[in-house]
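The values are calculated or read from the model by the stated rules, or taken from the named source; none is laboratory data. Every value quoted in this text rests on a predicted model; they were computed, and no experiment measured them. Glycine gets a Cβ as well: all are built from the backbone with ideal geometry, and neighbour counts include every protein chain shown. What goes into the accessible areas is simple: the full protein's heavy atoms, side chains included, and nothing from ligands, DNA or RNA. Shrake-Rupley method; radii C 1.70, N 1.55, O 1.52, S 1.80 Å.
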Amino acid sequence: MPNMSLKKNVMPEQPADVRNKNFLEVALGYTPEQAIDEAKRCLQCKHKPCVGGCPVRINIPAFIAEVAKGEFEAAYQIIAQSSSLPAVCGRVCPQESQCEQKCVRGIKGEPVAIGRLERFVADYHNQNNTELPEKPVSNGRKVAVIGSGPSGLTCAGDLAKKGYDVTIFEALHTAGGVLVYGIPEFRLPKAIVQKEIDGLKALGVKLETNMVIGKTVSIDELMDEFGYEAVFIGSGAGLPRFMNIPGENLNGVYSANEFLTRINLMKAYRDRSKTPIQHGSKVVVVGGGNVAMDAARCAKRLGADVTIVYRRAEKELPARAEEVEHAKEEGIHFNLLTNPIEIKGKDGWVDKITCIRMELSEPDESGRARPVAVPGSEFEIDADCVIMSIGTSPNPLIKSTTEGLETQRWGGIIADEETGKTSREGVYAGGDAVTGAATVILAMGAGKNAAAAIDEYLQNK
Ligand code: FAD
Ligand code: SF4
Ligand code: SF4
C-alpha cells in the first residue's frame with residue numbers, strides 16, 4: 001500500500017538560532033525509516049513524468065522502489081547509471097522546478113521528496129563503500145579538461161572510465177569549482193566534493209592546480225605542443241558584474257564570489273584564520289538569487305546584521321524558495337523594491353549605502369515586471385560592508401587566447417547543445433562557460449554529453 005500522506009517527510013534540520021552561528025550542514029538528512037516511509041509515497045507511475053523533469057534522466061521510480069524495500073545500495077547503482085554526483089545534486093538541485101515539479105503527487109499535496117531520497121541513497125553509499133574505483137587500462141590518448149567544476153569533473157570521469165589519459169587544469173589551488181569556492185559548507189560539505197575528486201584520481205585522472213589556461217599555457221599550446229588530442233572547456237562563469245555606481249571601489253565592497261571564496265576556499269570562517277575578511281557589523285547584500293542568499297547567510301554566521309537589497313518584490317526573487325525561507329529564519333532582513341544608487345565612504349571605507357524605492361511596471365524582456373525608480377524616495381542604510389551579487393559572466397581570457405574559438409557577445413562560448421562541439425576542431429565546451437550562470441546538474445549533463453562526443457571524435461580521428 002502506498003503512503004498517501006499529502007506531506008513530505010520533514011527534513012531534520014539544525015534549529016535556526018543555532019545554525020546561524022555555525023557553518024555545519026543545515027539539513028541533517030533522512031533516517032533509513034524516514035527514507036523508506038517517503039519512498040512509499042511514490043505511486044510508481046507507468047509514464048514516469050518525474051524522469052522528464054530531470055536533466056540527466058535518472059530512473060527515479062526504479063531507485064525509489066529499491067529505497068522502499070530498504071535496498072539502498074541497489075538504489076544507488078540505479079542513480080549512478082545517470083549521475084556521477086548524486087550526493088551533490090540531492091543537496092543543491094532546484095528539485096522544485098525539475099523532477100519534483102513533474103511528480104503527480106504534487107497535484108494534490110506535496111511531491112515525493114526525490115532530492116532528499118537521492119541524497120539519502122548517495123550518503124548511504126558513501127558511508128558504506130570506502131573502496132575506490134579501479135583504474136581502467138589506458139589507451140594512451142591525451143585529453144585536457146579546463147576547470148574542475150561539475151562539468152569538468154563529470155567529463156574527466158567519463159573519459160577516464162573509457163581509458164583516456166585525462167588531465168584537469170584548474171586555475172585555483174583546490175579542485176571543485178563553485179562546489180568548493182561558492183556553495184557554503186552549511187549547504188554542501190566539502191568532504192563530499194573531495195570524495196568525488198579522490199574517485200577521479202583513483203581512475204587515473206591527473207589534476208594540475210594553479211594553472212590558468214590562457215596565461216600559464218594556452219589551449220593552442222596544449223594541443224600543438226603538449227600532445228592533447230582534444231580539450232573540454234568547463235571554465236564556468238566566474239567573472240562578477242558590478243552596478244557601476246559611485247563608491248563601488250571603496251574598501252569593504254566585495255563581489256559575492258570574492259566574499260564566498262575567502263570564506264569557503266580560504267577558510268575565513270575558522271576562528272584563527274588569517275584570511276582577511278570583513279567581519280562587518282552591518283552588511284548589505286545586493287541581489288536576490290541563490291548566490292546572494294549564500295553570501296548573506298555566510299555574513300550572518302560571521303556575526304553581522306545582514307540586509308538583502310533587491311529591486312523587485314518577493315515573488316520575483318530568483319533564489320530557491322527554500323533558500324529564502326532559510327535566510328529569513330536565520331534572521332536576515334529583506335529590503336525589497338529597493339535599488340542602491342551610491343555607496344558613501346568614510347576614510348576610504350564603506351559607511352552608508354544610498355538606495356531608492358522601486359515600483360513594478362510592465363514586464364521586461366525577461367518576462368518579469370520591470371522595476372522603476374520612485375522619484376524622491378531616496379534613503380540611506382548604515383553599512384560597513386556591501387556585497388554585490390548581481391550576476392556573473394564567463395571570463396574572456398580563454399576566448400582571447402584560443403585561435404578560432406567563437407563566443408557570444410556576452411562572452412559565452414558557442415557550442416553545440418547536444419555535443420558541446422565548438423568552432424575549433426577538437427575543442428568542446430559545456431556548463432556555465434556556455435550557458436552563463438546555471439545549475440550543477442545542467443553543467444554535469446553538459447560534461448557527460450561532451451565526454452561521449454569527444455570519445456566518438458577521437459575514435460574516428
Ligand atoms: P564552475 O563550477 O564555475 O567551475 C569552473 C572552474 O573552472 C573553476 O574551478 C574555475 O576556477 C576554473 N577556471 C576558470 N577559468 C579557468 C582557466 N582559465 N584555467 C583553468 N581553470 C579555470 N547551482 C545549483 O544547481 N544549485 C545551487 O544551490 C547553486 N548554488 C550556487 C551558489 C553559488 C554561490 C554559486 C556561485 C553558484 C551556485 N549554483 C548552484 C550554480 C552552479 O554552482 C554552477 O552552475 C556550476 O557550478 C557550473 O559548473 P561549471 O563546471 O560550468 O563551472
Ligand atoms: Fe531531481 Fe536533480 Fe536528482 Fe535529477 S539530479 S532526480 S533533477 S534532484
Ligand atoms: Fe513516483 Fe512522483 Fe515519479 Fe510518479 S511522478 S513515479 S509518484 S516520483
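Assorted remarks:
- Residues of region 74-107 classified as under 19 Å from the mean Cα position of the chain (by Cα), within 13 Å of ligand 3 (Cβ to nearest atom) and without any contact (Cβ under 8 Å) to a residue 60 or more places away in the chain, total: 3
- Within region 380-436, considering residues that are away from ligand 1 (no atom under 16 Å from the Cβ) and open to solvent by less than 10 Å² (accessible area, probe 1.4 Å), the one nearest to residue 246 (Cα to Cα): 386
Residue-wise test of (1) more than 9 Å from ligand 3 (Cβ to nearest atom); (2) within 27 Å of residue 448 (Cα to Cα); (3) touching a Leu at 6+ places or on another chain (Cβ under 8 Å).
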site: 34; (1), (2), (3): yes, no, no
site: 49; (1), (2), (3): no, yes, no
site: 54; (1), (2), (3): yes, yes, no
site: 63; (1), (2), (3): yes, yes, yes
site: 72; (1), (2), (3): yes, yes, no
site: 109; (1), (2), (3): yes, no, yes
site: 113; (1), (2), (3): yes, yes, no
site: 123; (1), (2), (3): yes, yes, no
site: 133; (1), (2), (3): yes, yes, yes
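- Verdict on residue 157 being touching a Gly at 6+ places or on another chain (Cβ under 7 Å) and open to solvent by less than 20 Å² (accessible area, probe 1.4 Å): no
- In the condition set (1) closer than 26 Å to residue 236 by Cα; (2) in contact with a His (Cβ under 8 Å, 6 or more places away or on another chain), residue 288 is compliant with all but (2).
- When region 58-68 is filtered for residues that are open to solvent by less than 40 Å² (accessible area, probe 1.4 Å) and assigned to a loop (DSSP other than H, G, I, E, B), only 58 remains.
- Candidates are the residues of region 115-164 that are outside any loop (DSSP other than H, G, I, E, B) and free of Cβ contacts under 8 Å to residues at least 40 places away in the same chain; the one that is farthest from residue 95 (Cα to Cα) is 127.
- Here residue 84 passes the criteria (1) farther than 30 Å from residue 329 by Cβ; (2) modelled with pLDDT under 95; (3) surrounded by fewer than 21 Cβ atoms within 10 Å (Cβ to Cβ) except the one numbered (3).
- Filtering region 319-333 to residues that are surrounded by fewer than 17 Cβ atoms within 10 Å (Cβ to Cβ) and in contact with a Phe, Trp or Tyr (Cβ under 9 Å, 6 or more places away or on another chain) leaves only 328.
- Considering (1) within 16 Å of ligand 1 (Cβ to nearest atom); (2) surrounded by 15 or more Cβ atoms within 10 Å (Cβ to Cβ), the lone condition that residue 29 does not fulfil carries the number (1).
- Within region 62-119, the set of residues being closer than 12 Å to residue 39 by Cβ and within 11 Å of ligand 2 (Cβ to nearest atom) comprises 63, 64, 112, 113, 114, 116, 117, 118.
- Counting only residues that are in contact with a strand residue (DSSP E or B) (Cβ under 7 Å, 6 or more places away or on another chain) and closer than 16 Å to residue 453 by Cα, region 135-164 holds 11 of them.
- Among the conditions (1) buried (at least 19 other Cβ atoms within 10 Å of the Cβ); (2) part of a helix (DSSP H, G or I); (3) polar (S, T, N, Q), residue 194 misses just one, which is (1).
- Among the residues examined, residue 67 qualifies as within 14 Å of ligand 3 (Cβ to nearest atom), of a type outside the set (Gly, Ala, Ser) and closer than 27 Å to residue 197 by Cα.
- Among the residues of region 259-281, not one is open to solvent by 40 Å² or more (accessible area, probe 1.4 Å) and at pLDDT 95 or above.
- Among all residues of region 372-387, there is none that is of a type in the set (Gly, Ala, Ser) and within 23 Å of the chain's Cα centre (by Cα).
- Close pairs (7 angstrom Cβ cut-off, 6 or more residues apart or separate chains): of a type in the set (Lys, Arg) in region 360-372, open to solvent by 70 Å² or more (accessible area, probe 1.4 Å) anywhere: 370/362; 370/363
- Residue 187 being open to solvent by 30 Å² or more (accessible area, probe 1.4 Å), touching a residue at least 60 places away in the same chain (Cβ under 8 Å), within 16 Å of ligand 3 (Cβ to nearest atom) and charged (D, E, K, R): no
- Within region 110-141, being more than 16 Å from ligand 1 (Cβ to nearest atom) and among the small types (Gly, Ala, Ser) holds for 113, 138, 140.
- Test: residue 55 is modelled with pLDDT of 95 or more, surrounded by 15 or more Cβ atoms within 10 Å (Cβ to Cβ) and either within 26 Å of the chain's Cα centre (by Cα) or not in a loop (DSSP other than H, G, I, E, B) (or both): no
- Inside region 32-49, residues that are assigned to a helix (DSSP H, G or I) and open to solvent by 20 Å² or more (accessible area, probe 1.4 Å) make up a count of 6.
- Single condition residue 439 does not satisfy, out of (1) crowded, with 18+ Cβ neighbours inside 10 Å; (2) under 30 Å from residue 246 (Cβ atoms); (3) modelled with pLDDT under 95: (2)
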